[in-house]
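One structure is given below, encoded as structure tokens.
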Amino acid sequence: MLFNKPKPAFLLSFYLVLSIIFLRFDFNTRFKPFRKIFLYLIVSPYHGINGIVTSAAGVNRDIKEIIETKESVTALEQENLKLRYEIAKNNVFRNENERLKSLLNYKKTVRPNSIVADVLIKPPHQYYKSLIVNKGVSEGLGSGRPVYGFYNGKIGVVGLLTSSDEKYSTVTVLTNPISRIPARTGSGLADGLVVGTNSDKLEMIWIPADSEIKIGDEVLSSPVSEIYFPGMPIGTVISVEESHYLPFKSAVIKPAVPVHLLKEVFIE
């Protein structure tokens, strides 16, 4: 190439010299329009640059404000999370205090001579079969004693104490397939035998076909039971099945207390 591209510094110097010349000398009226046009060409780019610089400064301020706002929001979110945790923790403590208060009130007013035992272990392979509690022979316990539970303000049959050592005992729960308990509906219109199903449900069998039993009926321990107090809640009927071959029908029962959720039991 014959000519190199002019450098910005050279152009700036050139424009400044011309500006000084045009400002220094007083032109007549005929040349004043040319002077104005030249000044516009000189000054306008610098106004544009100044605008760009001003806009960039504004953008920087906006970015800074966005960052500060985000940091404030993050701090508020963390504080909110801490407050929610404290509220949840306080709710747990309050609910536990209410549960223990109800438990103690029940023992004082209904079962003053019963022994309250903590549930220590719910063996995974025996989930619907047994519980291990922290009371044993040293508390005067032995096999064959009825066990009840208290949950959400309701009492219910849990099962039978089947073995004890010095400090611990095993409770065979109603949902164990080997469990048997004579039962009667709250209306007194149907009798049967409640057995375990190795699940969270029970089954009432040997109900005479002409007995009146329906969904929603409460099932209680029968007066003929030699172990459990009569009238203790066992559960609620959730379905009834008729037999086409036998003079009996059966019913599926939802337990009055969820054994696997109990933390304490009453041993009579």
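Only the coordinates and a few stated rules stand behind these numbers; no lab work does. Quick caveat: nothing in here was measured; it's all calculated off a predicted structure. We place every Cβ from the backbone using ideal geometry, glycine too, and count neighbours over all the protein chains shown.
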Under 5 Å, built H, 5+ apart or other chain: amide partners of Phe248: Ala209, Ser243
Likely footprinting exposure, Leu262, Leu76, Leu174, fewest C-beta neighbours within 10 Å first: Leu76, Leu262, Leu174
Net dipole in debye of region 114-268 [+1 Lys, Arg Cβ; -1 Asp, Glu Cβ; about Cα centre; nearest 20]: 320 debye
Net lengthening on full extension, Asp62/His125 (0.36 nm per residue, minus Cα-Cα): 16.4 nm
Pair Tyr245, Leu76: separation of 7 Å Cα→Cβ label points (nm): 7.1 nm
